[in-house]
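The values are calculated or read from the model by the stated rules, or taken from the named source; none is laboratory data. Since the structure is predicted, the reported quantities are computational estimates derived from the model, not experimental observations. When we count neighbours, we look across all protein chains shown, and the Cβ atoms used for this are built from the backbone with ideal geometry, even at glycine. To get the accessible areas, we keep the full protein, side chains included, count just its heavy atoms, and leave off ligands, DNA and RNA. Shrake-Rupley method; radii C 1.70, N 1.55, O 1.52, S 1.80 Å.
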Amino acid sequence: MLTRKIKLWDINAHITCRLCNGYLIDATTVTECLHTFCRSCLVKYLEENNTCPTCRIVIHQSHPLQYIGHDRTMQDIVYKLVPGLQEAEMKKQREFYHKLGMEVPGDIKGETCSTKQHLDSHRNGETKTDENSNKEASEEKQEEDNDYHRSDEQVSICLECNSSKLRGLKRKWIRCSAQATVLHLKKFIAKKLNLSSFNELDILCNEEILGKDHTLKFVVVTRWRFKKAPLLLHYRPKMDLL
């Protein structure tokens, strides 16, 4: 059976960011037109613009950041197609955190250890039987299932009610994974307040409505970078006015 080999440069246009001309890192897609960019590049661009950098379609007149989302599938494709890109990015992130004197987040540590163990086993010529491999995989999965994201980078949050139409939470201080999204917070608040639907809520930071797909880490980096913990968020009914 004949197989056709495709050169990487033949598909570079589909896996590179139009803003920085580099391979996509933390791939983020505009929901209106499905054009994809590096998240950091797109967020920086949207601070001054409200249109797509590629097709110039208006994303949103006032809140374009709510209409972009992480494209995990595209990022997985890029990492698989470009040799060494993922390892290089993990190394840059570790060096960044070390330079700031901060602890390396758990997800980066986990990926690094997994990669190192895989390479070490091959360098030493070690091979494992299917039985041992399955046993170790089962043990690792059990540990992951019992972890509940405690090894992730954590974010402290204060949730304040910003409307007289809703009551405040009894416990407004929470701590959770930085990988949690605004949608997770909406569902949490709706459950605590016995609301019929989490879609009735808006969550705001610095009086700006947050997109449901934003991770808490993204919110901290883009809207709370130079402020002290905890991250202060407000919630209100969707049609309520400040």
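Looking only at segment 7-21, how many residues end up being loosely packed, with under 14 Cβ neighbours inside 10 Å and either among the β-branched types (V, I, T) or not in a helix (DSSP H, G or I) (or both)?
If we filter segment 7-21 for residues that are loosely packed, with under 14 Cβ neighbours inside 10 Å, which is where we start, we get 7-14, 21.
Next cut, either among the β-branched types (V, I, T) or not in a helix (DSSP H, G or I) (or both) only: 7, 11, 21.
The total comes to 3.
When you look at A27, is it among the small types (G, A, S) and open to solvent by 70 Å² or more (accessible area, probe 1.4 Å), yes or no? Here the answer is no, as A27 does not meet what is asked.
Filtered by the rule that a residue be out of contact with any helix residue (DSSP H, G or I) (no Cβ under 6 Å at 6 or more places or on another chain) and assigned to a strand (DSSP E or B), segment 27-67 gives T29, V30, F37, C38, T51, V58.
Which one of these is modelled with pLDDT of 90 or more, touching a Cys at 6+ places or on another chain (Cβ under 6 Å), farther than 21 Å from G84 by Cα and among the hydrophobic types (A, V, I, L, M, F, W, C): V30, V43? It would help to see each step written out before you state the result.
Values: V43 fails: touching a Cys at 6+ places or on another chain (Cβ under 6 Å).
Selected residue: V30, the only one of V30, V43 that is modelled with pLDDT of 90 or more, touching a Cys at 6+ places or on another chain (Cβ under 6 Å), farther than 21 Å from G84 by Cα and among the hydrophobic types (A, V, I, L, M, F, W, C).
Looking only at segment 18-27, residues that are more than 14 Å from R72 (Cα to Cα) and either within 20 Å of the chain's Cα centre (by Cα) or at pLDDT 95 or above (or both) come to 4 in all. For segment 68-82, enumerate the residues that are assigned to a helix (DSSP H, G or I) and not polar (S, T, N, Q). R72, M74, D76, I77, V78, Y79, K80, L81 - these are the residues of segment 68-82 that are assigned to a helix (DSSP H, G or I) and not polar (S, T, N, Q). For segment 218-238, a residue qualifies if it is open to solvent by 60 Å² or more (accessible area, probe 1.4 Å) and under 17 Å from the mean Cα position of the chain (by Cα), and the qualifying residues are V221, R225.
Within 25 Å of V220 (Cα to Cα), open to solvent by 40 Å² or more (accessible area, probe 1.4 Å) and β-branched (V, I, T) - does that describe any residue in segment 31-52? Yes, segment 31-52 contains a residue that is within 25 Å of V220 (Cα to Cα), open to solvent by 40 Å² or more (accessible area, probe 1.4 Å) and β-branched (V, I, T). Considered as a group, the residues in segment 54-92 that are crowded, with 17+ Cβ neighbours inside 10 Å and polar (S, T, N, Q) include one that is farthest from the chain's Cα centre (by Cα), and that residue is Q86.
Residues that are of a type in the set (D, E) and assigned to a loop (DSSP other than H, G, I, E, B) were ranked within segment 190-224; the one that is modelled with the lowest pLDDT is D213.
A Cβ distance below 8 Å, combined with a sequence gap of six or more or placement on separate chains, defines the contacts here; from segment 11-38, residues that are farther than 16 Å from D213 by Cβ reach residues that are small (G, A, S) and open to solvent by 30 Å² or more (accessible area, probe 1.4 Å) in the pairs I25/S40.
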